[in-house]
Amino acid sequence: MAVERLLVPLSDTVTVRQTVGYAVQSGLERADSLECHLVVALPYDDAVPESARQREDADDLLSRARNWVEEDAGDADVTIETATLGADEYLFGPRDYAEIFDDYAAAQGIDRVVLDPEYQPGVTARILQPLERELDRIGLAYDEAPVERSTRRGRLTGSEDFDRLFATFMVSYGFYLVLGDPTYWFDLVTGAAVAGIVAVSLARVTFSVPLDRVQSPIRVVRFALYIPYLLWEIVKANIAVSAVILRPSMPIEPTLTQVDSRVRSGLPLTALANSITLTPGTLTVRATDQRLLVHTLIPAAREDLFDGGLEKAIRFVFYGRESAAIPSPRERDDAEIVGGDEL
Amino acid sequence: MIEPTPLQVTLETVRFWAIVVLLGLGVFFTLVSTVGVLRLPDIYARAHTASQTDTLGAGFALAGVALAFGWQHAAVYTVLLLFFVFITNPTAAHAIARSAAETGVEPVLAEEGETDESAADTEGETR
Amino acid sequence: MSLFVYSLVAFVLATAVATALFRDVLSAIIVFGAYSLGMAILYTFLLAPDVAMTEAAIGAGVTTLLLLLTIARTTRPTTDRLRERIHVPAVVVVGAFVLLLCTAVLPEMYAVGSTETPVWSNPDVTQHYITETYHQTGVENAVTAVLAAYRGFDTFGEAVVVFAAGVSTLLVLKREVFA
Amino acid sequence: MTPASLEDVFLVAAGLFVVLAIAMFYRAVVGPTTQDRLLAVNVLGTNTVVILALLAAGLDQRWFLDVALIYALLNFLMSVAISKFTVERGGVL
């Protein structure tokens, strides 16, 4: 009697229910008995305060998915296994996810992976490169579930898109009025027209991640609090670097360091990388997912980088006060000095 | 013409010297940055001091300009200008550094790192 | 004041010479960006805001992109030499010609902002155009009248040049991209 | 006491910035890599923006700031375009 073994990576998407249904159905078509492995891959990390909540969410999703499978299977012979992967390591990009799936598949003798087309590993992390490409690369067979979902363009009138349009409109209108004259009717009218065109054509480019009505304004306020801190850091670093440059012996000590930041890709990572570059003495050479390759000029700047002050501040800006209290990169062993070969 | 009160005169003097000091600091940090770009050994190190022009050099000079304009529309302009410089320049510096890394420009590193030292040793042996 | 202007002119000259001398095309494009920076300040200083803004948009923005696209579509010649070889006789001849033009023409020109120019010293000229334009050309706007009527052939020639440039761009693009 | 007029202070500062720009131009000419030149020209662009702002204050011409604003944005565009060009040939736009 043939047993079909399936691996279904789960994440909390709109299509996850349909994916599970398809996995059970297609598995039972191919063989009499089915062994269904439901897994959640977590970018789990002890160092991050919100990890406990992420773990609860994962368990919740797994128990829901278990019920779905039992519901769809009916009388058929289906065994369900659930697992949380990646809890003991830190996952960066799609390659890491593809690799842990491959390890799990090899250990359990799995034939096929059923992939949710909307799959996004982790709870809040969005990965940039497609997971499919990495699965192809390591040669793990996968099958994309034929789910029905509302197309992305169809939701133009949805509240999410309204938020983006509104935010883009307000930002560009404000910019126009700062350059023009806010009391002159002509500027008010043309500004509204221009901001409208900008909002319609560029809202999706400006805000690639959906906005949150509560969180986003709070983030803006926290960012305003962050600016004085950043300026102070810049002044300090400037004076330190100037002292080194102007000394005739010029005691510089250039090193390349690699820091695995606890800031997820997208805007937060951009803000962190730019803050690091803006501070003299440290320069981000490359940012891949969460791994920053930073060139440091003087030892003092390197120590500051390893103490992770800017990282904490950026976490405060984007994730709130509780999230800011994380160990420094030095303490969690995420910072190292690397040679020139890493380039 | 109305005689300015002593307080106004003092305020004007303070403002004048504040502007002079701000501009002087701006010129000083740009000078440091220029010296750095001319003296430092490789592109990655030069990028560090180049960012000094963008941050404190431009920052102090534009602050001086904003102070000179006072509470006017033009001062808002200056602040906006500073904001743009602050947003765009690290991105440009990062793009340049990354382009250097991708095209294989070797960084000059201190002899502290082990990997570097061994590389230097093997180099010395082959020669 | 004079320190400012002289150093600016020196800067612009240095960038122009460097642009001409670089053998590597990409370096020449970058240095040309610096040239347009200097020119923009110079135009601004001479109180020509429209020209300065055009220089900023065209010089640093559009020209750089167009030149980059050009070397992307064709080739960037690899060289081991940093500079072009200088052909001394050519430099002497061209330099002498420019020097001659400068000594002959520049002293004849009015100073910037000078009140000696005919517009200031001879109000009749200005007045003539303001009063007579409508009778002579039938155009209500005096500036339009100067552009399209008094110096109509000049504008016509300019339009032909722009038109020819557009047509040849379309021809080249059609062959390169759409074929 | 104000020994010199404010306008002169701004013009002198602008002149000093131009002198520094010429010094920086040395790096743009010498290189040795394309990125060195690009970096130098990027810094020159920032200098230009500052010089224009100083002139705006020194000559009391507000619209200089418009030119400076355009330059701040286009300078960024130029640096990123050339960096992108050197990384992925032809990927300018």
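Couple of notes before you dig in:
- Within the range A:205-251, the set of residues being modelled with pLDDT of 80 or more and among the β-branched types (Val, Ile, Thr) comprises A:218, A:220, A:221, A:227, A:234, A:235, A:239, A:241, A:244, A:245.
- Selection from the range B:59-102 of residues that are small (Gly, Ala, Ser), in a helix (DSSP H, G or I) and under 25 Å from residue B:11 (Cα atoms): B:59, B:61, B:63, B:64, B:66, B:68, B:74, B:75
- Hey, residue C:133 out of contact with any Lys or Arg (no Cβ under 6 Å at 6 or more places or on another chain), of a type in the set (Ser, Thr, Tyr) and without any contact (Cβ under 8 Å) to a residue 12 or more places away in the chain or not: no
- The lone exception for residue A:153 - which of (1) in contact with a helix residue (DSSP H, G or I) (Cβ under 9 Å, 6 or more places away or on another chain); (2) modelled with pLDDT under 55; (3) not small (Gly, Ala, Ser) it fails: (1)
- When each of C:64, C:19, C:70 is tested for being out of contact with any Cys (no Cβ under 9 Å at 6 or more places or on another chain) and either facing another protein chain (nearest Cβ under 9 Å) or under 15 Å from residue D:52 (Cβ atoms) (or both), the lone residue that passes is C:64.
- Filtered by the rule that a residue be surrounded by fewer than 24 Cβ atoms within 10 Å (Cβ to Cβ) and either at the interface with chain C (Cβ under 9 Å from one of its Cβ atoms) or at positive phi (or both), the range D:31-46 gives D:31, D:32, D:34.
- Total residues in the range B:39-73, condition within 11 Å of chain A (Cβ to nearest Cβ), without any contact (Cβ under 8 Å) to a residue 24 or more places away in the chain and more than 19 Å from residue A:250 (Cα to Cα): 1
- Just one of (1) crowded, with 19+ Cβ neighbours inside 10 Å; (2) under 17 Å from the mean Cα position of the chain (by Cα); (3) not aliphatic (A, V, I, L, M) fails for residue C:19. It is (1).
- Counting only helices (runs of 4 or more DSSP H) that sit wholly inside the range C:112-179, those with at least 3 residues that are under 26 Å from residue C:69 (Cα atoms) and at pLDDT below 85 are C:152-173.
- The range A:270-307, residues that are surrounded by 24 or more Cβ atoms within 10 Å (Cβ to Cβ) and away from chain B (no Cβ under 12 Å): A:305
- Screening the range B:75-85 for residues that are facing another protein chain (nearest Cβ under 7 Å), surrounded by fewer than 22 Cβ atoms within 10 Å (Cβ to Cβ) and not β-branched (Val, Ile, Thr) and picking the one that is nearest to residue D:28 (Cα to Cα) gives B:84.
- Which numbered condition residue A:254 misses (of (1) touching a strand residue (DSSP E or B) at 6+ places or on another chain (Cβ under 8 Å); (2) more than 9 Å from chain B (Cβ to nearest Cβ)): (2)
- So residue D:49, is it modelled with pLDDT of 85 or more and either more than 18 Å from residue C:10 (Cα to Cα) or more than 7 Å from chain C (Cβ to nearest Cβ) (or both): yes
- Single unsatisfied condition, residue C:38 versus (1) crowded, with 19+ Cβ neighbours inside 10 Å; (2) in contact (Cβ under 8 Å) with a residue 60 or more places away in the chain: (2)
- Any hit, the range A:311-320, residues being crowded, with 18+ Cβ neighbours inside 10 Å, away from every other protein chain (no Cβ under 14 Å), out of contact with any Leu (no Cβ under 6 Å at 6 or more places or on another chain) and hydroxyl-bearing (Ser, Thr, Tyr): yes
- Of all the numbered requirements in (1) under 15 Å from residue B:62 (Cβ atoms); (2) touching a residue at least 24 places away in the same chain (Cβ under 8 Å); (3) within 9 Å of chain C (Cβ to nearest Cβ); (4) among the aliphatic types (A, V, I, L, M), residue D:18 misses one, and that requirement is (1).
- Check on residue C:28, under 22 Å from residue D:56 (Cα atoms), assigned by TED's automatic domain parsing to the domain that holds residue C:12, among the hydrophobic types (A, V, I, L, M, F, W, C) and in a helix (DSSP H, G or I): no
- Test: residue in the range A:257-269 that is at the interface with chain B (Cβ under 10 Å from one of its Cβ atoms) and either touching a Phe, Trp or Tyr at 6+ places or on another chain (Cβ under 9 Å) or modelled with pLDDT of 80 or more (or both): yes
- Verdict on residue D:11 being within 28 Å of residue B:17 (Cβ to Cβ), more than 12 Å from the chain's Cα centre (by Cα) and within 9 Å of chain C (Cβ to nearest Cβ): yes
- Only strands (runs of 3 or more DSSP E) whose full extent lies in the range A:30-129 are considered here, and the ones with at least 2 residues that are modelled with pLDDT of 75 or more and among the acidic types (Asp, Glu) are A:77-85.
- Restricting the search to helices (runs of 4 or more DSSP H) fully inside the range A:237-330 and requiring at least 1 residues that are over 26 Å from residue A:224 (Cβ atoms) gives A:299-307.
- Of all residues making up the range D:22-64, the number that are among the charged types (D, E, K, R), outside any helix (DSSP H, G or I) and more than 19 Å from residue B:83 (Cα to Cα): 1
- Looking across the range C:59-85, the residues that are touching a residue at least 12 places away in the same chain (Cβ under 8 Å), within 25 Å of the chain's Cα centre (by Cα) and in a helix (DSSP H, G or I) come down to C:59, C:60, C:63, C:64, C:67, C:68, C:71.
The values are calculated or read from the model by the stated rules, or taken from the named source; none is laboratory data. Just so it is clear, the model here is predicted, and its values are computed rather than measured. Counting neighbours? That spans all protein chains shown, and the Cβs are built from the backbone with ideal geometry, glycine included.
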